[in-house]
Amino acid sequence: MLHVGFKLYNPFSNRFSTLWYYNGFITKHKSFEIQLVKTNYIFEVAVDATTQKDHAGVNLDLSLLGYSLNLNVHDIRHWDHQTNTWQKL
(Lines give C-alpha, C1' and ligand atoms only; values in the text may rest on other atoms or scores of the structure.)
Protein backbone atom coordinates (compact mmCIF):
# COMPACT_ATOMS: atom_id res chain seq x y z
CA MET A 1 0.00 0.00 0.00
CA LEU A 2 1.18 3.49 -0.83
CA HIS A 3 -0.32 6.64 0.66
CA VAL A 4 1.01 10.12 -0.04
CA GLY A 5 -0.96 13.16 0.95
CA PHE A 6 -1.36 16.51 2.59
CA LYS A 7 -4.59 17.73 4.15
CA LEU A 8 -5.65 21.03 5.71
CA TYR A 9 -9.20 21.20 7.02
CA ASN A 10 -11.53 23.42 9.02
CA PRO A 11 -12.00 21.73 12.43
CA PHE A 12 -15.07 23.87 13.18
CA SER A 13 -17.06 22.52 10.23
CA ASN A 14 -18.53 19.08 9.62
CA ARG A 15 -20.13 19.77 6.25
CA PHE A 16 -20.31 16.88 3.84
CA SER A 17 -22.64 16.44 0.90
CA THR A 18 -22.27 14.83 -2.49
CA LEU A 19 -22.81 17.22 -5.38
CA TRP A 20 -22.18 14.81 -8.25
CA TYR A 21 -21.30 11.13 -8.62
CA TYR A 22 -20.63 8.87 -11.62
CA ASN A 23 -19.32 5.31 -11.91
CA GLY A 24 -18.84 2.65 -14.54
CA PHE A 25 -16.78 -0.26 -15.77
CA ILE A 26 -13.46 -0.06 -17.60
CA THR A 27 -13.06 -3.83 -18.06
CA LYS A 28 -14.83 -6.91 -16.70
CA HIS A 29 -13.10 -6.59 -13.31
CA LYS A 30 -12.03 -2.92 -13.19
CA SER A 31 -14.37 -0.05 -12.40
CA PHE A 32 -14.10 3.68 -11.82
CA GLU A 33 -15.81 6.29 -9.67
CA ILE A 34 -15.77 10.09 -9.91
CA GLN A 35 -17.29 12.16 -7.12
CA LEU A 36 -17.58 15.88 -6.37
CA VAL A 37 -18.28 16.66 -2.71
CA LYS A 38 -18.75 19.68 -0.43
CA THR A 39 -16.39 19.13 2.51
CA ASN A 40 -14.61 20.94 5.30
CA TYR A 41 -11.20 20.59 3.56
CA ILE A 42 -9.42 23.84 2.76
CA PHE A 43 -6.71 22.03 0.79
CA GLU A 44 -5.96 18.39 0.11
CA VAL A 45 -3.84 16.35 -2.25
CA ALA A 46 -3.74 12.61 -1.62
CA VAL A 47 -2.87 9.49 -3.62
CA ASP A 48 -3.51 5.92 -2.47
CA ALA A 49 -2.42 2.79 -4.32
CA THR A 50 -3.12 -0.73 -3.09
CA THR A 51 -2.51 -4.26 -4.33
CA GLN A 52 -3.39 -7.74 -3.09
CA LYS A 53 -6.41 -6.68 -1.02
CA ASP A 54 -10.15 -6.35 -1.51
CA HIS A 55 -10.99 -3.75 -4.18
CA ALA A 56 -7.33 -2.86 -4.78
CA GLY A 57 -6.60 0.10 -7.00
CA VAL A 58 -5.69 3.76 -7.17
CA ASN A 59 -7.47 6.67 -5.50
CA LEU A 60 -6.79 10.39 -6.04
CA ASP A 61 -8.29 13.12 -3.82
CA LEU A 62 -8.02 16.82 -4.70
CA SER A 63 -9.66 19.48 -2.50
CA LEU A 64 -9.72 23.25 -2.56
CA LEU A 65 -11.76 25.70 -0.47
CA GLY A 66 -14.44 23.24 0.61
CA TYR A 67 -14.87 21.27 -2.60
CA SER A 68 -13.32 17.84 -3.14
CA LEU A 69 -12.87 15.76 -6.27
CA ASN A 70 -12.34 12.03 -5.77
CA LEU A 71 -11.17 9.76 -8.61
CA ASN A 72 -11.01 6.02 -7.98
CA VAL A 73 -10.07 3.06 -10.20
CA HIS A 74 -10.32 -0.31 -8.48
CA ASP A 75 -10.82 -4.03 -8.93
CA ILE A 76 -14.32 -5.22 -8.05
CA ARG A 77 -13.10 -8.61 -6.78
CA HIS A 78 -12.03 -9.64 -3.29
CA TRP A 79 -8.54 -10.91 -2.58
CA ASP A 80 -8.14 -14.50 -1.30
CA HIS A 81 -5.19 -14.50 1.11
CA GLN A 82 -5.09 -18.31 1.33
CA THR A 83 -4.51 -18.82 -2.40
CA ASN A 84 -2.89 -15.40 -2.96
CA THR A 85 -5.14 -14.70 -5.95
CA TRP A 86 -8.42 -12.95 -6.72
CA GLN A 87 -11.54 -14.79 -5.60
CA LYS A 88 -13.71 -16.19 -8.38
CA LEU A 89 -16.92 -14.23 -9.03
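Quick notes on this one:
- Listed by first and then second residue, the pairs with beta-carbon distance under 6 Å, at least 6 apart or on different chains, first residue in the range 24-45 and of a type outside the set (D, E, K, R), second outside any strand (DSSP E or B) and surrounded by 15 or more Cβ atoms within 10 Å (Cβ to Cβ), are H29/I76; H29/R77; S31/I76.
- Residue check for Q52: out of contact with any helix residue (DSSP H, G or I) (no Cβ under 7 Å at 6 or more places or on another chain) and at pLDDT below 95: yes
- Matching strands (runs of 3 or more DSSP E) fully within the chain where at least 3 residues are of a type in the set (G, A, S): none
- Flag if H29 is closer than 24 Å to K53 by Cβ, surrounded by 10 or more Cβ atoms within 10 Å (Cβ to Cβ), within 14 Å of the chain's Cα centre (by Cα) and modelled with pLDDT under 95: no
- For the range 46-89, filtered to residues that are more than 14 Å from H3 (Cβ to Cβ) and among the small types (G, A, S), the residue that is farthest from the chain's Cα centre (by Cα) is G66.
Conditions (1) farther than 30 Å from Q87 by Cα; (2) surrounded by 15 or more Cβ atoms within 10 Å (Cβ to Cβ); (3) not small (G, A, S), marked per residue:
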| site | (1), (2), (3) |
| --- | --- |
| Y22 | no, no, yes |
| E44 | yes, yes, yes |
| A49 | no, no, no |
| G57 | no, yes, no |
| L60 | no, yes, yes |
| L64 | yes, no, yes |
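The values are calculated or read from the model by the stated rules, or taken from the named source; none is laboratory data. Please read all numbers here as calculations on a predicted model, not as lab measurements. Note: ideal-geometry Cβ built from the backbone for every residue, glycine included; neighbour counts use all protein chains shown.
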